[in-house]
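The values are calculated or read from the model by the stated rules, or taken from the named source; none is laboratory data. Since the model is a prediction, treat every value here as computed from it, not as a measurement. Cβ coordinates were reconstructed from backbone atoms using ideal geometry, including for glycine residues, and neighbour counts include every protein chain displayed.
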């Protein structure tokens, strides 16, 4: 046995075997072929059903019979996976143009699964028959099945544009595909335009094929420039939302009725999600939700009051739930050489048209060969008619009539075999005029096919005629062909105050970064009533409202935004900020304050560099936040303060107890960066910074319990240029080197 063991580096062996697995997954399982839009399992399902004569005009057969044939002859995989693929081909809410007509329970849009395969029945649809039309005319290559007992097509002729019409979903190794469905009549119109003018630009194609057409309807609210870029690159997404309308209930009341939901969203999960949001009071404008669906979608939303704006209510639902989703496009397919590629919309249409032209040429050549063979036999039949008695004599008297016929009349073996295979009753119908008429018809067909093969223009017209038949069969006037998904302009975001009930809150932050919101505006000057985790204590508190956004800045210079109305309640300890956003590990919170539109902040790093920032530019809509200040090595963001209206100057205090006062106009406004040097230090760095109205002077509380304050009105000695060191603060300034909060 030792001589059968081959030594090889583990890394090389693993890489080689994984590559084989990856290629198998990509080419034989997960990615569709650009020509027929099918994966192998779907192609084998349709081919097996064709072999079982499950055409649209025949009776249904049990799905278990279909799955058994597929597994036994073509696709040696688990029956569950094959049946799941069959079920999806029959689901009207999953496929825009189902390829299988199901009888029985094939699941529903609620998310319920199909019945077992022994209970359900299936047959092919007209669209599936179009995919296989002409397969018997040597139009596509065949290969042996996995056990070598039969053959299967490598690709189907695809007179139906299945790739774009029904789309595809798949995950391979290192790549994936996600193609939404489109309208066949629009695909045909775009393909017809490409045939007439191959140089047609993508913008002109989108005038004919404006975007996806989902089986569940809905509205696409993606901007047109974004759709153009998505189709140009083959990657992107379409913002899709539910279709809804308002129903008047009388006496000024109304309800909102959702009649179509986005593609790929299960209604059962959507209803549960909405109910959860209502229970969690994240939809304060919604009073109740009812699912009144039967064969169609009907979700009824009852507003809190008649004064609630319906559009604002729906915008809050779109923002928080799957009533709005982004349907991805990743046009990653196998090209005609079985190579994975991401195509643009135009390239996908061109690939399908090239395949159809190739099928047309191969079918024409096949038909030419059949006509030539028929003409060859007709010449023999004409000879029999002219020499009927001699032919009969040779057949009766000769030991080898075939050889005798070949020798006597100079026939080919095929002609002699055809004469010998003729039935006696056929001799009665043997008519020279009929033979001549059939020969003339065959010669005319041959000439027509030869002209077709020699003329690209005639080929183009033949393909256009195919597209015209597609449009007639699946046009907008047909129930299956009418466009279901509409388009709408992206609405402007509704003000948060319009979508959230406005209530007072007291925001509480602990020293270890735990955050909570207590109802009402409480006075926490005495924090003894508050509970904190062991070793923790109050850091800061302020009043806000549920409609506020909260700004957070970390010492590393990242800015984050939180919804005040979404903070945990004030009865417990709250939650750490690190669970709410991707907070930098180990960073202290430099600023927590309500966002005020149009306000500015003063940001200063520990090395004395800083700038002013617009508060609107600090709002980050993602958990990762936004990098605002990028401190130098060894430095960090030390101070971030909102600049109150009327403040004219910035005060900077170094750890060396030097005070410098600068006009705010001397500090630049930046979106991000290191800032400019505001105060220079020989030793240490920044201790604190604030802003003041210089006309009112600089005030600070005096030592002791008297509660009195002192104000220095003449600040001229401390005014300096940007980058100066400053001088010692006025007599009596706190030794803690901190400005009053």
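Values as computed for the structure displayed
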{"quantity": "Matching option when the condition is modelled with pLDDT of 95 or more and closer than 12 Å to residue 485 by Cα, among 219, 208", "calculated": "219"}
{"quantity": "Count - residues of segment 70-83 that are under 19 Å from residue 106 (Cβ atoms) and in contact (Cβ under 8 Å) with a residue 12 or more places away in the chain", "calculated": "5"}
{"quantity": "Qualifying residues in segment 296-306 (those that are in a strand (DSSP E or B) and more than 26 Å from the chain's Cα centre (by Cα)) - the one surrounded by the most Cβ atoms within 10 Å (Cβ to Cβ)", "calculated": "301"}
{"quantity": "Per-region count, segment 482-523, residues surrounded by 14 or more Cβ atoms within 10 Å (Cβ to Cβ), assigned to a loop (DSSP other than H, G, I, E, B) and at pLDDT 80 or above", "calculated": "8"}
{"quantity": "When residues of segment 257-288 are limited to those that are in a strand (DSSP E or B) and modelled with pLDDT of 95 or more, the one nearest to residue 94 (Cα to Cα)", "calculated": "260"}
{"quantity": "For residue 24: the one exception among (1) outside any helix (DSSP H, G or I); (2) free of Cβ contacts under 8 Å to residues at least 12 places away in the same chain; (3) within 22 Å of residue 170 (Cβ to Cβ)", "calculated": "(1)"}
{"quantity": "From 600, 641, 571, residue being over 30 Å from residue 655 (Cβ atoms) and either at pLDDT below 95 or outside the structural domain of residue 692 (by TED's automatic domain parsing) (or both)", "calculated": "571"}
{"quantity": "Matching residues in segment 648-679 - criterion: being in contact with a strand residue (DSSP E or B) (Cβ under 8 Å, 6 or more places away or on another chain) and farther than 25 Å from residue 588 by Cβ", "calculated": "648, 649, 661, 662, 663, 664, 668, 669"}
{"quantity": "Residue that is assigned to a loop (DSSP other than H, G, I, E, B) and either crowded, with 21+ Cβ neighbours inside 10 Å or more than 26 Å from the chain's Cα centre (by Cα) (or both), where the choices are 115, 128", "calculated": "115"}
{"quantity": "Selection within segment 700-722 - closer than 25 Å to residue 611 by Cα and exposed (fewer than 14 other Cβ atoms within 10 Å of the Cβ)", "calculated": "716, 717, 721"}
{"quantity": "Residues that are in a loop (DSSP other than H, G, I, E, B) and more than 21 Å from residue 342 (Cα to Cα), drawn from segment 222-256", "calculated": "222, 223, 242, 251, 252"}
{"quantity": "Selection from segment 696-709 of residues that are in contact with a strand residue (DSSP E or B) (Cβ under 6 Å, 6 or more places away or on another chain) and at pLDDT 90 or above", "calculated": "697, 698, 699"}
{"quantity": "Sole exception among (1) modelled with pLDDT of 85 or more; (2) in contact with a helix residue (DSSP H, G or I) (Cβ under 9 Å, 6 or more places away or on another chain); (3) not in a helix (DSSP H, G or I) for residue 464, by number", "calculated": "(3)"}
{"quantity": "Search result, residues across segment 723-741 that are in contact (Cβ under 8 Å) with a residue 40 or more places away in the chain, surrounded by fewer than 16 Cβ atoms within 10 Å (Cβ to Cβ), outside any strand (DSSP E or B) and on the phi < 0 side of the Ramachandran plot", "calculated": "725, 728, 738, 740"}
{"quantity": "Selected residue (only one of 359, 286 is crowded, with 18+ Cβ neighbours inside 10 Å and within 30 Å of residue 231 (Cβ to Cβ))", "calculated": "359"}
{"quantity": "Matching option when the condition is surrounded by fewer than 17 Cβ atoms within 10 Å (Cβ to Cβ) and touching a helix residue (DSSP H, G or I) at 6+ places or on another chain (Cβ under 9 Å), among 310, 379", "calculated": "379"}
{"quantity": "Tally of residues being surrounded by fewer than 20 Cβ atoms within 10 Å (Cβ to Cβ), part of a loop (DSSP other than H, G, I, E, B) and in contact (Cβ under 8 Å) with a residue 60 or more places away in the chain across segment 557-572", "calculated": "1"}
{"quantity": "Count - residues of segment 296-331 that are within 25 Å of residue 109 (Cβ to Cβ) and touching a residue at least 40 places away in the same chain (Cβ under 8 Å)", "calculated": "25"}
{"quantity": "Leading residue by the ranking (farthest from the chain's Cα centre (by Cα)) among those in segment 131-158 that are touching a residue at least 12 places away in the same chain (Cβ under 8 Å) and not in a loop (DSSP other than H, G, I, E, B)", "calculated": "137"}
{"quantity": "Residue that is crowded, with 18+ Cβ neighbours inside 10 Å, in a strand (DSSP E or B), assigned by TED's automatic domain parsing to the domain that holds residue 663 and touching a helix residue (DSSP H, G or I) at 6+ places or on another chain (Cβ under 6 Å), where the choices are 544, 593", "calculated": "544"}
{"quantity": "Answer from 293, 321, 316 - the residue that is buried (at least 17 other Cβ atoms within 10 Å of the Cβ), over 26 Å from residue 569 (Cα atoms) and outside the structural domain of residue 105 (by TED's automatic domain parsing)", "calculated": "293"}
